[in-house]
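> I am attaching a structure below and will ask some questions about it afterwards.
The values are calculated or read from the model by the stated rules, or taken from the named source; none is laboratory data. Since this is a predicted model, take the numbers as computed values, not measurements. Cβ sites come from the backbone with ideal geometry, for glycine too, and all protein chains shown count toward neighbours. Accessible surface is based on the protein model in full, side chains and every heavy atom, while ligands, DNA and RNA are left aside. Shrake-Rupley method; radii C 1.70, N 1.55, O 1.52, S 1.80 Å.
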Amino acid sequence: MFDLNEHSHRRLNPLTGEWVIVSPHRTKRPWQGQTEQPNQTVLPEYDPECYLCPGNKRAGDKHNPKYSGVFVFDNDFAALQPNVPEGSLRVGDLFVAERERGVSRVVCFSPNHSVTLSRMNVSDIRSVVDEWAHQYIELGEKPFIDHVQIFENRGEMMGASNPHPHCQIWASENEPNEPVKELRSQREYHEKNGGCLLCDYLRLEQANAERVVCENEYFCALVPFWAIYPFEVMIIGNSHRGSLDQFGDEERTAFADILRRVTTRYDNLFLAPFPYSMGFHQKPTDGNEHEYAHFHAHFYPPLLRSATVRKFLVGFEILGSPQRDITPEMAATKLRELSETHYLDS
Ligand SMILES: [Zn+2]
Ligand SMILES: [Zn+2]
Ligand SMILES: [Zn+2]
């Protein structure tokens, strides 16, 4: 009899319409709890060489102010720029290019070089949440911006060149690929079923709870049924909200709380700073309602079974479909067992 815990199968990601292959028979062995020495490296609170620390020099002749809370600036090496001349290229259907305008910013979470979301207190993370909401509004209000992408690359493995706690915001003229797929699916689901894809999905997950990692009154963190990365996590709100600025006061604090708890569990998994790309999908800022869009956060961490063994998307995975061995249910169980006190603080 077909068993998701035994037999190779594929799972549909209803947000993207794409499939992931799951091979549970390859991980018959119980979890090999790697006995590693905890990574005790603690960075200095101030690094004179860091271009994100307060008062320090950045590219050109710019200097950071001696900031004491959250600090935002336009990226000195912006991938997207607001002033690009009108233009396009089209040769039949085969060579197609269009102007893409945008704004790139950097958000420093804290003046303290040594902290991470996992080791900040909830009220300090709450200040970051408020800044994210503010940035979403401010950038989204620009007439040429239809999408505001907030994301954090953490760890050298993810290409983050600087450990100072920060994220980036790329606000773009057009909706990027992933949101295009997810918005289309959410819209089609709404047209077909009347409800919201992620509201309905979250209710199913909460009824069963085998993929739920942790929850608070307003948010649920889970390993999605269709996860590609071993310890991929989504944070979904219990209430239907299209964007961060729609969160009430308690909801914003609850979001800060769940971010701290998820990132702490991540660090506790291999007793080391856990690398990831994390970001939010919010409704477009093109002036339309998009009432079917449900705010959520994605965490895509590359680590497989230790602080050094990472997953690469290669071979069949880039030519065909992504594949995983450890099931999302196993990963959720593992993450659920972990403490919410950071290993460096316990
Ligand atoms: Zn720094
Ligand atoms: Zn919803
Ligand atoms: Zn998404």
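> Working only within the stretch 292-311, note down all residues that are farther than 12 Å from TYR229 by Cβ, away from ligand 2 (no atom under 16 Å from the Cβ) and either of a type in the set (A, V, I, L, M, F, W, C) or touching a Pro at 6+ places or on another chain (Cβ under 7 Å) (or both).
Correct list: ALA307, VAL309.
> If you don't mind, another one. Could you say whether any residue in the stretch 18-25 is surrounded by 10 or more Cβ atoms within 10 Å (Cβ to Cβ), at negative phi and more than 26 Å from the chain's Cα centre (by Cα)?
yes
> Next up: Test of understanding: among GLU175, GLU138, GLU182, GLU188, which residue is closer than 30 Å to SER88 by Cβ, within 16 Å of ligand 3 (Cβ to nearest atom) and free of Cβ contacts under 8 Å to residues at least 24 places away in the same chain?
GLU188
> Applying the selection to the stretch 316-338, what residues are of a type in the set (Val, Ile, Thr) and crowded, with 19+ Cβ neighbours inside 10 Å?
Result: ILE326, THR327.
> Follow-up. Within 25 Å of the chain's Cα centre (by Cα) and either within 16 Å of ligand 2 (Cβ to nearest atom) or open to solvent by 90 Å² or more (accessible area, probe 1.4 Å) (or both) - does that describe any residue in the stretch 3-12?
Yes, some residue in the stretch 3-12 is within 25 Å of the chain's Cα centre (by Cα) and either within 16 Å of ligand 2 (Cβ to nearest atom) or open to solvent by 90 Å² or more (accessible area, probe 1.4 Å) (or both).
> Does at least one position in the stretch 118-126 carry a residue that is within 15 Å of ligand 1 (Cβ to nearest atom), among the hydrophobic types (A, V, I, L, M, F, W, C) and touching a residue at least 40 places away in the same chain (Cβ under 8 Å)?
yes
> Something else about it: Please work out which one of (1) surrounded by 21 or more Cβ atoms within 10 Å (Cβ to Cβ); (2) within 16 Å of ligand 1 (Cβ to nearest atom); (3) small (Gly, Ala, Ser) is the condition GLY102 fails and give its number.
(2)
> I've got another one for you. Just checking, how many residues over the stretch 108-162 are among the small types (Gly, Ala, Ser), within 19 Å of ARG265 (Cβ to Cβ) and not in a helix (DSSP H, G or I)?
1
> Being open to solvent by less than 60 Å² (accessible area, probe 1.4 Å) and of a type in the set (S, T, N, Q) is the filter; apply it to the stretch 175-195 and report the residue that is nearest to ligand 2 (Cβ to nearest atom).
GLN186
> Of the residues LEU222, LEU198, LEU259, which single one is within 29 Å of GLY140 (Cβ to Cβ), away from ligand 3 (no atom under 15 Å from the Cβ) and open to solvent by less than 50 Å² (accessible area, probe 1.4 Å)?
LEU259
Here's the yes/no breakdown for (1) hydroxyl-bearing (Ser, Thr, Tyr); (2) more than 24 Å from GLU98 (Cα to Cα):
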{"site": "ASN177", "(1), (2)": "no, no"}
{"site": "GLU182", "(1), (2)": "no, no"}
{"site": "GLN186", "(1), (2)": "no, yes"}
{"site": "LYS192", "(1), (2)": "no, yes"}
{"site": "GLY195", "(1), (2)": "no, yes"}
{"site": "TYR201", "(1), (2)": "yes, yes"}
{"site": "LEU204", "(1), (2)": "no, yes"}
{"site": "VAL212", "(1), (2)": "no, yes"}
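> Find the residue count for the stretch 75-97, including only residues that are touching a residue at least 12 places away in the same chain (Cβ under 8 Å) and farther than 28 Å from PHE295 by Cα.
So the answer is 7.
> For the stretch 201-218, does any single residue satisfy the condition of being part of a loop (DSSP other than H, G, I, E, B), within 16 Å of ligand 3 (Cβ to nearest atom) and open to solvent by less than 50 Å² (accessible area, probe 1.4 Å)?
no
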